[in-house]
1. List the residue from chain B whose beta-carbon is nearest to the axis that rotates chain B onto chain A, together with that distance in whole Å.
2. Kindly express, to the nearest 10 degrees and within the range 0 to 90, the angle between helix B:273-309's C-alpha long axis and the longest C-alpha principal axis of chain B.
3. Given B:393, B:527, B:424, which one lies farthest toward the positive end of the charge dipole of the range B:277-544, if we put +1 on the Cβ of every Lys and Arg and -1 on the Cβ of every Asp and Glu?
4. If you take the Cα Rg of the range A:276-545 and divide it by 2.2 N^0.38 Å, with N the number of residues, what do you get?
5. Please give the residues of the range B:152-194, grouped as numeric ranges, whose backbone N is less than 13 Å from a label point set 7 Å along the Cα-to-Cβ vector of residue B:260.
6. Once the Cβ-Cβ distance between residue B:466 and residue A:540 is put in as r, and R0 is 22 Å, what FRET efficiency do you end up with, to the nearest 0.05?
7. May I ask you to derive the FRET efficiency for residue A:234 and residue B:235 from their Cβ-Cβ distance with R0 = 60 Å, giving the value to the nearest 0.05?
8. Which one of B:449, B:263, B:184 has its Cα pushed farthest toward the positive end of the charge dipole of chain B, where Lys and Arg give +1 and Asp and Glu give -1 at the Cβ?
There are 2 protein chains.
Amino acid sequence: MIDYKTPLADILFALKHGAGADRLGHWDAELASDVLTHAGAMVDGIIAPLDPIGDMEGTRLVDGRAVMPPQFVEAYRQFKEGGWPGLAVDEEYGGQGLPHILASALSEMLSGACITYQMVLSLAHGAMRTLIASGSEAQRKTWVPRLASGDYLATMCLTEPQAGSDLGLARTMATPVDDGSWRISGGKIFISGGDQNLTDGRIMHLVLARTPDAPAGVKGLSLFISPSHLPDGSRNAISVVRLEEKMGMHASPTCQVAFDGAQAEIVGAPGEGLARMFTMMNAERLDVAVQGVGLAEVALQRSLAYATERRQGRAGSGGSGPDPINRHGDVRRMLLTQMALAQGCRAMVMRTLVDLELGESPALMELMTPVCKAFATEAAQETASLAIQIHGGYGFLREYRVEQIARDARITPIYEGTNGIQAATVAGRVIRMDNGAALREFRAEVEGAAAQATPAFAERLMDGLAALDRASAAMLARRDLGLTATSYLRLIGLLAFGAAWSRLEAAADFAPDPGRIRATASFVRDWMLCEIHALAERCEISAELGSLPDNVFEL
Amino acid sequence: MIDYKTPLADILFALKHGAGADRLGHWDAELASDVLTHAGAMVDGIIAPLDPIGDMEGTRLVDGRAVMPPQFVEAYRQFKEGGWPGLAVDEEYGGQGLPHILASALSEMLSGACITYQMVLSLAHGAMRTLIASGSEAQRKTWVPRLASGDYLATMCLTEPQAGSDLGLARTMATPVDDGSWRISGGKIFISGGDQNLTDGRIMHLVLARTPDAPAGVKGLSLFISPSHLPDGSRNAISVVRLEEKMGMHASPTCQVAFDGAQAEIVGAPGEGLARMFTMMNAERLDVAVQGVGLAEVALQRSLAYATERRQGRAGSGGSGPDPINRHGDVRRMLLTQMALAQGCRAMVMRTLVDLELGESPALMELMTPVCKAFATEAAQETASLAIQIHGGYGFLREYRVEQIARDARITPIYEGTNGIQAATVAGRVIRMDNGAALREFRAEVEGAAAQATPAFAERLMDGLAALDRASAAMLARRDLGLTATSYLRLIGLLAFGAAWSRLEAAADFAPDPGRIRATASFVRDWMLCEIHALAERCEISAELGSLPDNVFEL
């Protein structure tokens, strides 16, 4: 059994040939390779060993404070010392100013090695982006360096018991005080890293709260910074009421947090909360997609290792004993699916991140952010479940640590906007914006991939685009989208994933293992993309299913 | 949150209109209803409360013995007192002689209420069938009454560390001794109920072992009864070496069992082991399908309860506050999928069990046993995962107990022959037997359903049969089946599931909730069955993917 090994060559191949990272003006391929080589050694050596400890021991609430296993604290100390928190932060804030895509590659590695470690750290990146985009100069100068150095971590305090997908129901109140600051009171739930002892509990909370006399709904929400510690070093009036007991992610402290008149400062103006928070939410959505890639990768690695060693049955190799199970066709189907999802999602998500960094196609980003979030997190579910299946009965045992991947991964289609919310966003809003700009840019992307693809793959992609056109027409014509939106989102995801694979196949000569790239690309083309027609057919059926009587859905 | 409530009206509807239970000569609808009403009350009152206790406390190994939570012991005492273990056992063995299908309906209820309780008991049924089919008169008269009374439970000791799917690699040895009995030595793993304290550890182990000078492979295996206790009341030389730590099913003792010269008697003749064991393995396969139905049902129930209560967002109902989430289209999609899978798999599996009891279509049984096992266990995965998704962030918390369903259910596609093995059996053997008798009988079944169906559903079924014909021709023509077998099996499963739904729809007037049956049937017809074409397309693609180089699949 292996913990995790950074797939350095695969990542570099995906960055260059899948994501087109060299389109970035400040791209230095050699530097990128050096940085990721160092990152890989650090992740494999220091972070991967945390994962089983985190699952078994979890994080505990001791005297009102979240206590992570001591190995996590020591690993973070080294991580911070190595300067990793500020990898992609501008030098003016004390960071190293490298491309964001390298921080995302590191994020993938951390997710594969130990998703709970990645999770506790991840919100700091979105918080820095939010401050840089929306904070005052004082806020930027005070907080970004603290986050970039790793002295502080961050949270995103949105959810309340009655306000999950529907943030407009949030009740947490912010009241202004004479010195221009605010006091926040209310309860937030599902706050990842709401407390921890990696930074001695030093946390910058970003909080959505309602100001006095604000209108109901999301327009009444404002964004606040509420720090764990006050300037005099004492603690702000923020406490952890409880840690949730979860299916997985045991080391990630998921906190119920109470604000009792906690001091805070506003970011932007009152009522701008959701708009300001969107920077962070979109960054987090793509980071969750990156988590999906990391989880798919580690599921693949453990499966390949097991399937190479485990011998059962004859597969016609002519040897005297049983063959390794990676000779059996059904196991090959499962391994191919995992390889396709891990490497294809990596290429697709990385390309989206590079496009985001280029900043040239905002409409495409509106589409690809939910597409990547949903498709890559579904990929994590599938690869993890296949890893269990490949391990047979051993897959159900805790010691083989593939069931852990499935348990940890199960939150990814839920948090940062459920995949159903991502689908509703795309079907209800994104494809209708700017006279269909998002779909036009998406079509150009897929056509661009087809232009470089092998003829067989190009044909599949053009056929997929025709199916998408039929499905889009049906979606744009109907009012009731709920029942179909998820199939529509998956259709776009499969096509983007197919386009990513066609690019990898076209560059197979430069791949670390050209044979594997070509074999997997054929599998994607002839096998996985078959699903597109069924998805399009679902989108095209009449809306009658959407108008079913309410009592059908009651207990 | 609800534990579990026996869906009595749905089960009776499925028995009559889905399964055609009245085709059984000794069927008495009123008696069946009475028996299942009593069973439901017992299951809801006594068994369902065990489930969270079992998950939290699990079964522990104490002084070499498996100790289940005390509530399980007390529940079993009442269960036994109520005569439930012998429900479908012939009166000559002390049972109540009711149809087997009623025992299966009880099995579904137990699986929904507390799958670990069901699991510990379930092997006794297959063991009784095996003894009645293969045992000597003395073996039948000694052992069946002990099992029927519930004084004993049973195990099926097949797997060894090196011999999982490939039983031919089993090394456990059986040596004859002068008195005609045998001594067994070796280690078995993954033995469900290998020890427990429900029957004070009184267990009849059915063991596959190799006799001296037996040929290698499965032909050298023989079947033995090795009891936990010897006639003088002392313990046989059988010990539990360890209990596995698992993803789920925490209360079910999964034992590593050591036989150290344990006394045993042979069932049938040497070398007949696997053939004799097949009675039990087929019974268990269908019982695992029944487990899938029970798990799908409880996942549906918790989802409906939550989706009726939880309010988020507006769904156009015009009320002043947020709407219940069961008004949102994407939640409806998930609930419809769960309703379709729970009720449709119930009808499909029950029909197969009734056909088995009728004994008139052995070729169809060879096909439908693996189809039901794979399709219903996949349905359990999907309904459980959807239950988590419907619950949003709460679904990831242990206290809402939908993640438990997912963890418990994850073993069902693995044990009693992985779903990949079921697929290989169908594609490699079953459809080739007797000049295609199985497919002919299956086609007649689907055509029979179409003849009673609404025109729209009949058209879908006939279209599905055409797709099956194309896929079958491709499967029969190729030699390398591994990559495609699972898609082929799912195609047959979807078609059988569709046929089951067409029968339910045709009888909707008699359903407890005709509106729900009609709505769900439309969803199955227009939505779920779309997948058939993609599956057929996969079966039809060239075999090139099957001949990929070996090193593609190595780490």
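The values are calculated or read from the model by the stated rules, or taken from the named source; none is laboratory data. No experiment lies behind these values; they were computed from the predicted model shown. Using ideal geometry, Cβ is built from the backbone for each residue, glycine included, and neighbour counts are taken over all protein chains shown. For the accessible areas, the whole protein counts, side chains as well, though only heavy atoms, and no ligand, DNA or RNA atoms are used. Shrake-Rupley method; radii C 1.70, N 1.55, O 1.52, S 1.80 Å.
1. Whole-Å result, nearest residue of chain B to the axis: B:534, 2.
2. Tilt of helix B:273-309: around 40 degrees.
3. With unit charges placed on the Cβ atoms, the residue in question is B:393.
4. 1.04
5. Flagged as within label range: B:185-187.
6. Numbers: r = 20 Å, r/R0 = 0.92.
That pair, residue B:466 with residue A:540, gives E of 0.60.
7. So the FRET efficiency works out to roughly 0.40.
8. Checked the options; the winner is B:449.
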